[in-house]
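Below is one structure, written out as structure tokens; comments come after it.
Every number in this text was worked out from the coordinates using simple rules, so none of it is lab data. Keep in mind that this is a model prediction, so the values were computed, not measured. All Cβ positions, even for glycine, are placed from backbone atoms using ideal geometry, and neighbour counts span all protein chains on display.
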Amino acid sequence: MSAVFQGVAVAMALLLLPPLYRIVKGPTVYDRLIGGAMMGTLTSVLLLVMGYAADRADMYVDLSLGYGLALLIGSLATTKYLETRAAPEAGEAE
Amino acid sequence: MSEIGLQGGVAAALMIAGLFFFAVGTLGILRFPDPFTRLHPAGKADTLGASLIILGLIVFEGPSLLSLKLLLVEAFILLSNPTATHALGRAALREGLRPWTQGPPSDPEAPA
């Protein structure tokens, strides 16, 4: 069963590359943020699978939860910043 | 398969299904034409892939405190991924990006 976890972990690590391409090449900042969000979700789950591959799942679960929290807060803060930069009085601008 | 058993087999099948959805999502992020269409694979295929892989891990783990924590991670992903997707789409729309259409819009009453 450990071989299954290792195979899934390697496949997920390879799947991190296409979003990275989108982050490097993305024409707009939103493309880069989407690629970053996707890499974040992949990493969060990859940590869990790595924990099972290394037989240390009890530790890696906490790491994954913390990583997911940081990801959500970072993503929301960045989009909020971009929104206020685009339209400083977004409330009345409609 | 004989040494893995039924529980491990179901867990491996769920994880491979999750890998398939992750692969489709990354393909969509590469191939779709604009940020709004790219939100679609990033928001949905990603969430489903993560859910399936975590479900596979829960099946492998069996009932324990650890599987409760895994369920917590899954609930958090189910909560946070759509939130981030919505925030990204709204910010892109507010900045003035227009969704991609194939050729000129045929409907004359379509919003400019």
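What the table below lists for this structure:
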read-out: Residues of the range A:62-88 classified as closer than 15 Å to A:G40 by Cα and among the β-branched types (V, I, T), total; value: 2
read-out: A:M12 vs. criteria closer than 30 Å to B:E95 by Cα, free of Cβ contacts under 8 Å to residues at least 40 places away in the same chain, surrounded by 15 or more Cβ atoms within 10 Å (Cβ to Cβ) and touching a Leu at 6+ places or on another chain (Cβ under 9 Å); value: no
read-out: Hits in the range B:64-82 - residues which are more than 7 Å from chain A (Cβ to nearest Cβ), of a type in the set (G, A, S) and surrounded by 17 or more Cβ atoms within 10 Å (Cβ to Cβ); value: B:S67
read-out: The lone exception for A:D62 - which of (1) more than 7 Å from chain B (Cβ to nearest Cβ); (2) surrounded by 18 or more Cβ atoms within 10 Å (Cβ to Cβ); (3) over 20 Å from A:A11 (Cβ atoms) it fails; value: (2)
read-out: Whichever residue in the range B:1-54 is crowded, with 20+ Cβ neighbours inside 10 Å and among the hydroxyl-bearing types (S, T, Y) and, among such residues, is nearest to the other protein chains (Cβ to nearest Cβ); value: B:T26
